[in-house]
Amino acid sequence: MCCETMKRFLLLYATQHGQAKAIAEEISERAGAHGFFADLHCLSESDKYDLKTETDPLVVIVSTTGTGDPPETAVKFVKKIKDKTLPPDFLSHLRYGLLGLGDSEYTYFCNGGKIIDKRLQELGARHFYRTGHADDCVGLELVVEPWIAGLWTALNKQFVSSEGKADMASDFSTTPDISLQIDQVKPEVLPIDSQIALLKLDASGRKVSEASQNITSTHSDTLIEDFEPSLTQSIPPLSQSALNIPALPPEYLDVHFLDPLGQERCQVSFTPVDTVFQVPISKAIRLTKEDAIKTTLLLELDISNTTYTYQPGDSFNIVCPNNASEVKELLQRLQLSEKREHCIVLKIKENNKKKGATIPQHIPEGVSLQNLLSWCLEIRAIPKKAFLRALVEYTSDSTEKRRLQELCSKQGASDYNHFIRDSYVSLLDLLQAFPTCKPPLSLLLEHLPKLRARPYSCASSCLFHPGKLHFAFNIVEFLSSVEPVILRKGICTGWLAMMVDSMLQRNGNISQGNNEEAESPKISIFPHTINSFRLPNDPSVPIIMIGPGTGIAPFIGFLQHREKIQEQHPDGSFGAMWLFFGCRHRDRDYLFREDLSHFVKKGILTQLQVCFSRDIPLDKEDPPPKYVQDNIRLYAQQVTRILLQEKGYIYVCGDAKGMAKDVNDALVEILSKETKVEKLEAMKMLATLREEKRYLQDIW
């Protein structure tokens, strides 16, 4: 069926790390089997669509980033539709369906999609299909798959309605959204009959019979009770179930290797943006003691020979490679070690079934295989179900094949979440766990996302440290998910730590910065697109800073900046600065202890409240506050006064899923108690502070 005879709908997506794009592409690929043509574009490609004149149905897939913001690819779109001069009927002709992606462990769940959803309705647009809110906390697929399955019926009804064959449009446009969000329900207890059955498609997108998709168990009918389920094995009922597995993703890439004798050595840039600065590490300081649970380092970058500028509180990105030993291991597993220096050439397969197949933009032309795996692909990315489905075809052992089918099936959703998603299983883990799985390189290039640059908060002020940029980080360490269990480090923090160790070996005691005479290693950095975590323009406004652990980093920049401003304007008016800081042990990981003492003595820091969560309290009957949120409650009256009466600012930096949520809950309690209002009203107060950009978060 050609596009001209299919019913067209506009399909837009806004993505930060590729999830929304992948889902939109899946919808696009399935559309043909249902008689539709999806006109697919990123929201940022505003020259390729025009909502003002759009007459066909619109489908939008939107992720959420940061502290509830739309992704960077949606910023211009949101700014455009938020134009206050637009009339309320500007999009009254538009009918749309929207799927938001988020994580319910963050405070502003699916807020990126909700912002767009709300504004489209304010401009007169109406739903033809219910809004979905997919929760990455329990597994996106629990909402995404039934939402996609129900989309085709909704589209058909919308087209019937628009053609005058039925009067259903008003029903869809006036019915409130039925959110598909699954709150606080574990996937394994969801009733099967509450989920919309997945449509069965073959590799070309055609509908196939139920029988051809039912994959019977290769296990014995005897109940197996002597082992627990794991990544590589299941137990009844899953091991004996017929499975509904996804359609096989069409392969579309051909990989060719250039003869190294005839190839020119390619100088390929692996940086994701044009404005990249290569800067040396001029100093490295260990902020924690040897017996601390986590190792925290402070690095100083020399930006004096660049045009790079920043303000206290800004973030920046570091371009980093994958772990070298993991790249080597992957090359060996793919049996391509001898070709690691060969440059690769990618071509689109002839007669491939993937709609709009293109060479991935994050793979440069003429890149060597070694550099491709080191700098371009996120080899630790958690494999999606489509990738698992594709790996089935390259697995020879029947037991391994069956288990991969289970993990990507509808029936195996709980196992997928537990053994892959929540265990942060990588491709290498899978290849170790399933030794007969031997995928070609082309399959990796089709399914692995691009290697992301890693963001960090600036921990300094240019006024205090001219020509320098400081940042602090914990060296992330964790155990691998499969046998043999090994200790792994974070991709970027492990790489930085390795460079620091190398500096230490060459130059001696770098904890004092004694490495200026030797050549320092360089790293590539580029500025963050959006930086809003900044001090108020008016220095007389009071501020409250909350940052346990390395969350204190941007506040050191705030305090340094304030000290210099006060030196320059000794007669100026300066607001109070409160800091709530927390760590595990007073004597092991009290970060920036001397700096904070200095700021208190200088009168820069008005109030410093520190808590230690792992120290044994001297007074067990009246123990001190354990966490920052406990400390905040002790100063409820002062916090309320600063925020509501003095129009102050509050900043929160650190862990999003734990600390930031607990702090938010504590603030709701405080405002409710001190102003004698219901918690719902207190939540609205915080929402107002957020809208006024006086409640700012830098969380991860």
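The values are calculated or read from the model by the stated rules, or taken from the named source; none is laboratory data. Given the structure is predicted, the values throughout are model-derived calculations rather than measurements. Note that each Cβ is placed from the backbone with ideal geometry, even for glycine, and that neighbours are counted across all protein chains shown.
Taking (1) out of contact with any Ser or Thr (no Cβ under 8 Å at 6 or more places or on another chain); (2) assigned to a helix (DSSP H, G or I) in turn, residue 640 satisfies each apart from (1). What do you reckon, is residue 643 surrounded by 14 or more Cβ atoms within 10 Å (Cβ to Cβ), out of contact with any Gly (no Cβ under 9 Å at 6 or more places or on another chain) and over 18 Å from residue 549 (Cβ atoms)? It is true that residue 643 is surrounded by 14 or more Cβ atoms within 10 Å (Cβ to Cβ), out of contact with any Gly (no Cβ under 9 Å at 6 or more places or on another chain) and over 18 Å from residue 549 (Cβ atoms).
Within the stretch 112-140, being more than 23 Å from residue 92 (Cα to Cα), touching a Pro at 6+ places or on another chain (Cβ under 9 Å) and either of a type in the set (Gly, Ala, Ser) or in a helix (DSSP H, G or I) (or both) holds for one residue alone: 139. Number of residues in the stretch 344-366 that are farther than 28 Å from residue 435 by Cβ and either small (Gly, Ala, Ser) or touching a Cys at 6+ places or on another chain (Cβ under 6 Å) (or both) equals 4. Note on the stretch 486-499: residues that are assigned to a strand (DSSP E or B) and exposed (fewer than 15 other Cβ atoms within 10 Å of the Cβ) amount to 1. If I filter the stretch 399-421 for residues that are under 25 Å from residue 320 (Cβ atoms) and not assigned by TED's automatic domain parsing to the domain that holds residue 490, do I get at least one hit? Within the stretch 399-421, one or more residues are under 25 Å from residue 320 (Cβ atoms) and not assigned by TED's automatic domain parsing to the domain that holds residue 490.
Would you be able to say whether some residue in the stretch 634-657 is modelled with pLDDT under 95, within 26 Å of residue 297 (Cα to Cα) and not small (Gly, Ala, Ser)? Taking every residue of the stretch 634-657 in turn, at least one turns out to be modelled with pLDDT under 95, within 26 Å of residue 297 (Cα to Cα) and not small (Gly, Ala, Ser).
Quick one: is residue 491 among the aliphatic types (A, V, I, L, M) and modelled with pLDDT of 95 or more?
yes
If you go through the stretch 308-334 and pick out every residue that is in contact (Cβ under 8 Å) with a residue 12 or more places away in the chain and either part of a loop (DSSP other than H, G, I, E, B) or more than 19 Å from residue 453 (Cβ to Cβ) (or both), you end up with 16.
So is residue 294 within 23 Å of residue 478 (Cα to Cα) and either at pLDDT below 95 or not assigned by TED's automatic domain parsing to the domain that holds residue 551 (or both) or not?
Spelling it out, residue 294 is indeed within 23 Å of residue 478 (Cα to Cα) and either at pLDDT below 95 or not assigned by TED's automatic domain parsing to the domain that holds residue 551 (or both).
Residues considered: 293, 359, 379. Of these, the only one that is touching a strand residue (DSSP E or B) at 6+ places or on another chain (Cβ under 6 Å) and part of a loop (DSSP other than H, G, I, E, B) is 359.
Got a sec? Which helices (runs of 4 or more DSSP H) wholly within the stretch 533-635 have at least 2 residues that are crowded, with 22+ Cβ neighbours inside 10 Å and touching a residue at least 24 places away in the same chain (Cβ under 8 Å)?
In the stretch 533-635, the matching helices (runs of 4 or more DSSP H) lie at 553-568, 628-634.
Among the conditions (1) under 19 Å from residue 16 (Cβ atoms); (2) touching a helix residue (DSSP H, G or I) at 6+ places or on another chain (Cβ under 9 Å); (3) charged (D, E, K, R), residue 82 misses just one, which is (1). Only a single criterion out of (1) surrounded by fewer than 19 Cβ atoms within 10 Å (Cβ to Cβ); (2) under 29 Å from the mean Cα position of the chain (by Cα) is not satisfied by residue 138, namely (1). Of the set (1) assigned to a loop (DSSP other than H, G, I, E, B); (2) over 19 Å from the mean Cα position of the chain (by Cα); (3) acidic (Asp, Glu), all apply to residue 47 but (1).
Quick one: would you say residue 653 is more than 26 Å from residue 541 (Cα to Cα) and touching an Asp or Glu at 6+ places or on another chain (Cβ under 9 Å)?
no
For beta carbons closer than 6 Å, sequence separation of 6+ or different chains, a first residue in the stretch 344-368 that is over 26 Å from residue 32 (Cα atoms) and of a type outside the set (Asp, Glu) and a second that is part of a loop (DSSP other than H, G, I, E, B) and at pLDDT below 90, the qualifying pairs are 364/268; 366/266; 367/268.
Look through the stretch 389-411, keep the residues that are under 26 Å from the mean Cα position of the chain (by Cα) and outside any helix (DSSP H, G or I), and return whichever of them is surrounded by the most Cβ atoms within 10 Å (Cβ to Cβ). The residue in question is 409.
Criterion first (at negative phi and out of contact with any His (no Cβ under 8 Å at 6 or more places or on another chain)) does residue 457 satisfy it?
Against the criterion (at negative phi and out of contact with any His (no Cβ under 8 Å at 6 or more places or on another chain)), residue 457 qualifies.
Would you mention how many residues in the stretch 22-44 are polar (S, T, N, Q) and either buried (at least 21 other Cβ atoms within 10 Å of the Cβ) or in a helix (DSSP H, G or I) (or both)? Going through the stretch 22-44 one residue at a time, the tally reaches 1.
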